[in-house]
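To keep things clear, I will list the structure first and then write my remarks on it.
Since every read-out is calculated from the coordinates, none of them should be taken as a lab result. The model shown is predicted, which means the values in this text are computed figures rather than measured ones. For neighbour counting, all protein chains shown are included, and Cβ atoms are generated from backbone atoms with ideal geometry for every residue, glycine included.
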Amino acid sequence: SPGAMPLVTLPAYTESELIELVTRVARPSELGPPTAGPSSSSQPAQATGLDTAKARVWPHFVALLVPGLMPHTRLAPDMLGAAKALWPEYIRPLLNKEVPADLPVDKMV
């Protein structure tokens, strides 16, 4: 009909697209509680090691999370929000030094 708005439908993201999107959008070093060091002078070196460990774990965390949420949502903002909310708890053992930062990822999860 004249004057009608065209309807554009987009396909839902696939699992692999959502994993890639969430992995790339959020930086794990910016998520979760900050690293606490004994003094401000030792903070940068400690944060660097922890940030490296977070960067190694983040893609594996997202790859575990997305399939579990797919039955409920395929919206990227929902996936990203859930990832940001659950990330601090997921890496708590790493932050609390219950596991070494250089432990292989398959041994952490």
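Within a straight-line Cα-Cα reach of under 14 Å, Lys84 can be paired with the following aspartates and glutamates, leaving aside sequence neighbours fewer than 8 residues apart in one chain: Glu30. Karplus-derived 3J(HN,Hα) values for the range 84-100, using 6.51 cos²θ - 1.76 cosθ + 1.60 with θ = phi - 60°, are 5, 6, 8, 4, x, 5, 5, 9, 3, x, 5, 5, 7, 6, 7, 10, x Hz; glycine and proline are entered as x. Shape verdict for the range 56-109, please, from the Cα gyration tensor: rounded (a/c under 1.5), prolate (a/b greater than b/c) or oblate. Prolate, since a/c reaches 1.5 and a/b exceeds b/c. Seen from Ala82, the other residues with C-beta closer than 15 Å to its C-beta sum to a net charge of -1, counting Lys and Arg as +1 and Asp and Glu as -1.
Multiply the residue separation of Leu80 and Asp106 by 0.36 nm, subtract the distance between their alpha-carbon atoms, and state the gained length in nm to one decimal.
Full extension of this stretch gives 7.1 nm more.
Other residues lying with their Cβ under 15 Å from the Cβ of Glu30 contribute a combined charge of +3, Lys and Arg counting +1, Asp and Glu -1.
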